[in-house]
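The values are calculated or read from the model by the stated rules, or taken from the named source; none is laboratory data. Because the structure is a prediction, the values reported are computed rather than measured. Note: ideal-geometry Cβ built from the backbone for every residue, glycine included; neighbour counts use all protein chains shown. What goes into the accessible areas is simple: the full protein's heavy atoms, side chains included, and nothing from ligands, DNA or RNA. Shrake-Rupley method; radii C 1.70, N 1.55, O 1.52, S 1.80 Å.
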Amino acid sequence: MNQEYFFQNAKWIGTNERKTDSFSIVRGYFDANDAKKVSLNILGLGFFKCYINGECINPDTFLPLSSDYEDSCDPKDEILSGHRIYVPQFDITPFIKNGKNSIAIHFGGGWYTYHCRAFGLPKAIYLITVEETDGVKTFGSDEQCKIRNGYIENYGFTTHEHHNYLDTNNYFDTDFNDSDWENAVCTEELNTEYCTTDCPKDALIEKLPVKNIGNGEDGKIFDCGINTVGYPVIEIYGEKGSTVSVRFSEHLTSDGKLDPSHMHSQEFKVVCDGQKKTVQPEFTWFGFRYFEVTGNAEPTCVKVVHANVKSASTFECDNETINWIYNTFKHTMLCNMHTGHPSDCPHIERRGYTGDGQLTCNAALYTLDAKAFYEKWAQDIADCQDKLSGHIQYTAPYLSSGGGPGGWGCAIVEVPYQIYRHYGDVKILEKYYGNMRRYIDYLEAHSEYGLVTSDKEGAWCLGDWCCPVILYPEKQKHFGGQFIIPQAMVNTYFMVKSLVTLRKIAEKIGKNEDLAEYDQKIDYHKNAIRAAYFNTFGGSFCMNAQGANAFALDIGLGTKSTYSFLVEYYKLLGWYDTGIFGTDIVTRVLFEGGDADLAVDLLKNDGEQGFEQWRKIGATSFLEYWDIDRSRSYSHPMFGSPVAYFFEYLLGIKQKEDSVGFVDLVIAPQAVSKFGHMSGSIETVNGTVAVSYKKEAETVCFSVTIPQGTKAIFKFNDTETVLHEGINELRI
């Protein structure tokens with residue numbers, strides 16, 4: 001849809017001042033008399049807060065949702081496939097009074113002015129539609145609106161926000177006199193597609209209490225109890241011209257000060273006007289647990305702000321590590337759901353990395369009600385495809401970043417397919433099938449002898465990511481010493497995996513003419529992996545470096561010896577030596593191979609590389625690296641992808657082959673010997689599926705709840721039972 005559809009004759013307005021961090025406040029007026037309904041379409045770029053008659057209608061929202069905006073900042077030598085902006089729409093009837101009403105918009109910041117890809121100066125547009133008894137009136141933004149610079153004088157989207165209150169007033173109130181303000185300037189229209197979306201927007205989720213835990217370098221240090229995302233609310237009391245500053249960190253030093261290596265340059269600062277005020281950031285958020293307040297001020301609480309995505313699962317067992325993994329993944333995932341895309345971290349980069357995002361998508365869809373969120377992000381991924389070559393970017397929406405072919409770009413296949421698996425709507429496969437095929441062609445063009453060996457010229461070409469630096473050779477010398485899994489093997493694995501998925505998709509949507517092509521390509525690239533990396537004598541791929549055997553087994557390569565070597569290796573090693581992809585694949589292959597006990601041992605291992613070491617140091621969100629000393633970020637969800645297997649294997653909630661939407665299930669719990677009790681549930685299109693069990697002497701008591709319209713059978717040891725809708729009780 002075009003601009004006129006949402007805004008009719010309204011105009012984009014802003015200022016000619018050439019400072020992208022000079023965030024304006026614009027004011028306009030409109031009349032309403034006995035209005036039945038008043039609606040508002042509005043955009044302020046990058047983010048905006050809108051006030052109707054002095055009352056903010058969208059606090060803590062970070063609207064509009066992040067998009068690719070327009071074609072002015074495409075990657076070098078590429079033309080992105082789509083550019084769009086999502087238009088927030090509000091029913092503002094409750095805020096309206098008879099007669100003269102005011103609208104005030106504070107706008108600026110966010111991704112639109114981000115220094116790595118700044119699209120232009122902040123600007124805004126709005127259209128107010130007043131439905132009265134005798135007709136409809138519209139009021140749009142134009143050069144008659146009044147404008148002035150706001151009180152934000154310095155801003156970095158991922159680092160800081162500074163306010164200066166020395167020259168402020170009640171700018172947002174209806175009766176404020178703006179006669180000495182300048183008239184707004186009409187600015188350029190966006191060359192983009194205007195859209196709506198039901199993707200959940202950011203919102204205030206909860207308020208955390210804070211505790212003063214001592215003194216820092218310059219002020220008091222506070223703890224909100226958990227590593228989170230958002231910002232503190234600060235009451236300031238300082239004299240006119242005095243400064244209050246807030247610095248943030250995810251960790252403390254041994255002497256109780258903010259740890260500089262985990263502060264990530266995050267700062268909120270205000271210059272006081274001598275009046276008591278309650279303040280908070282307007283156009284950014286922070287990732288932190290601890291913060292230091294310097295100056296005459298006190299925090300009242302911490303606002304937790306992220307996408308308003310609800311939980312769609314439960315899980316609990318008698319192992320603290322496994323429970324911690326589940327709960328911490330959900331928390332870390334939510335901390336990284338902002339402005340309509342899943343980020344790598346909520347502070348340093350905040351980017352929708354296609355590698356991290358496709359990896360955690362399945363687990364996120366099990367644990368959270370995230371369908372609309374990921375549908376929006378799937379469109380972002382497709383929009384980021386190069387029209388010329390078919391290349392998929394490393395982040396969606398696009399920002400110049402690092403990644404690699406396969407593990408990142410194959411998100412165009414994996415994300416729509418996981419949405420289809422969970423919810424059963426084939427339309428999403430039809431929508432992106434062409435994008436998927438074009439990306440496979442891109443990988444073919446960047447292959448040598450069947451191996452994916454490069455990506456875009458001058459760009460990164462990663463394989464697995466965040467692999468441990470130290471591989472403990474004293475435990476690995478039996479297997480040939482220290483190795484790094486080859487990047488080409490990882491990237492070709494993802495190509496084959498996507499081809500297998502694409503073949504399934506082609507069958508589902510009636511593209512049978514493509515099946516022979518996929519069969520040929522699958523065989524060709526599998527043979528290339530075998531020829532390059534398989535040791536026929538030892539039966540292993542790359543000496544199983546960082547899970548190489550699991551990569552091969554997962555796409556149907558290898559022999560019985562390959563799997564046996566994998567099992568022997570991890571029994572001896574005792575913990576993960578894998579990066580983000582290998583951790584997921586090794587865990588899944590062990591579950592699928594019948595070695596669920598070993599998979600559980602790795603998940604809860606007490607060694608130096610695993611989730612338990614994070615739990616023992618008191619982490620409340622996932623770290624970026626297994627190695628604690630390497631971790632610059634304490635809020636990266638990417639290692640949490642195995643949480644999906646808590647439901648698929650530990651609880652045993654598996655869909656029958658070729659079934660989607662959880663309407664035809666096999667309930668087959670694994671690793672029961674490792675736990676005394678376990679319970680969990682997921683929300684499906686038909687309702688709640690729940691599984692629990694408890695051991696009593698020589699008996700295991702199972703309870704399985706099956707929603708109406710769902711078929712299911714139960715399998716455990718030698719028992720196989722058809723389940724009925726409702727609650728099923730079994731003693732085995």
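Here are a few things to note about the model shown:
- Potential lengthening of the chain between LYS137 and CYS186 amounts to 15.4 nm, from the contour at 0.36 nm per residue minus the alpha-carbon distance.
- Placing a label point 7 Å from the Cα of LYS36 along the Cα-to-Cβ direction, the residues of segment 79-98 whose backbone N falls under 20 Å of that point are 90-98.
- Listed residue pairs exceeding 27 Å between alpha carbons, taken from LYS511/LYS560; LYS201/LYS330; LYS76/LYS511: LYS511/LYS560; LYS76/LYS511
- Average accessible area per residue (Å²) across the chain - probe 1.4 Å, nucleic acids and ligands excluded: 37
- Cα-based shape type of segment 596-682, given that a ≥ b ≥ c are square roots of the gyration tensor eigenvalues and the cut on a/c is 1.5: prolate
- Highest-first packing order for the peptide set 399-409, 331-341, 181-191 is 331-341, 399-409, 181-191, based on the mean count of other beta carbon atoms within 10 Å.
- Selected from ASN101, LEU190, TYR114, residue furthest toward positive end of dipole (segment 101-198; charges at beta carbon): TYR114
- Distance between the 7 Å Cα→Cβ label points at ASN327 and ALA372: 2.9 nm.
- Each Cα pair under 8 Å and six or more residues apart adds its separation to the average, and for segment 258-339 the resulting relative contact order is 28 percent.
- Charged-residue dipole, Cβ positions (Lys, Arg, Asp, Glu), segment 277-404 about Cα centre, Debye nearest 20: 280
- According to the Kirkwood relation over distinct C-alpha pairs, the hydrodynamic radius of segment 1-149 is 16.1 Å.
- Cα-based reach from LYS276 at 16 Å (exclusive), listing lysines while leaving out same-chain residues under 8 positions away: LYS240
- Report note on the peptides 163-175, 412-424, 268-280, 542-554: ranked by the mean count of other C-beta atoms within 10 Å, highest first, their order is 542-554, 412-424, 268-280, 163-175.
- Restraint check, LYS211/LYS371; LYS37/LYS277; LYS504/LYS526; LYS427/LYS654; LYS220/LYS310; LYS310/LYS571, Cα-Cα greater than 26 Å: LYS211/LYS371; LYS37/LYS277; LYS220/LYS310; LYS310/LYS571
- Across segment 658-674, computed HN-Hα scalar couplings (Karplus, 6.51 cos²θ - 1.76 cosθ + 1.60, θ = phi - 60°) run 6, 9, 9, x, 6, 9, 9, 10, 10, 9, 9, x, 10, 6, 4, 5, 7 Hz from first to last residue, x flagging Gly and Pro.
- Listed by chain and number, the aspartates and glutamates whose C-alpha is less than 13 Å from the C-alpha of LYS36, apart from same-chain residues fewer than 8 away, are ASP91, GLU131, GLU132, ASP134.
- Proximal lysines to LYS695, defined as alpha-carbon separation beneath 19 angstrom and excluding residues fewer than eight positions away on the same chain: LYS674, LYS715
- Kirkwood hydrodynamic radius of segment 122-267, Cα pairs, Å: 20.3
- Between LYS387 and GLU657, residue separation times 0.36 nm minus the direct Cα-Cα distance comes to 93.7 nm.
- Spin-label model distance (nm) - ILE727 vs LEU515, 7 Å beyond Cα toward Cβ: 4.5
- With Cα atoms as the point set, the radius of gyration and Dmax of segment 651-732 evaluate to 12.1, 38 Å.
- Counting every alpha-carbon pair across segment 178-218, the share separated by more than 15 Å comes to 78%.
- For peptides 288-297, 519-528, sequence by mean Cβ density within 10 Å, most packed first: 288-297, 519-528
- Computed over the chain: relative contact order in percent, which uses C-alpha pairs under 8 Å that are six or more apart: 11
- Rg/Rh for segment 533-679 (Cα atoms only, Rh after Kirkwood) is 0.98.
- Per-pair calculated FRET efficiency, R0 = 45 Å: CYS116 and ARG530 via Cβ, rounded to 0.05: 0.65
- In this rough spin-label picture, where each label sits 7 Å from Cα along the Cβ direction, the LYS560-ASN154 distance is 6.9 nm.
- Heavy-atom accessible surface of the chain: percent carbon and sulfur, 1.4 Å: 46
- Span from the segment 268-283 Cα centroid across to the segment 395-419 one, whole angstrom: 39
- Working note: Cα atoms of segment 233-273, range along each principal axis, descending, whole Å: 36, 19, 17.
- Segment 483-598 shape via C-alpha gyration tensor axes, a/c threshold 1.5: prolate
- q = 0.15, 0.17 Å⁻¹, segment 480-522: log10 I(q)/I(0) [Debye, one scatterer per Cα]: -0.46, -0.53
- Taking segment 95-174 as the region of interest, the number of lysine pairs whose Cα atoms are within less than 16 Å, with members eight or more places apart or on different chains, is 4.
- Crossing angle, helix 560-573 versus the chain [Cα axis fit, 0-90 degrees, rounded to tens]: 60
- ASN170/LYS431 FRET efficiency (R0 60 Å; Cβ-Cβ; nearest 0.05): 0.80
- Between helix 411-423 and the chain there is an angle of about 80 degrees, using the helix long axis and the longest principal axis of the Cα atoms.
- The chain shape via C-alpha gyration tensor axes, a/c threshold 1.5: prolate
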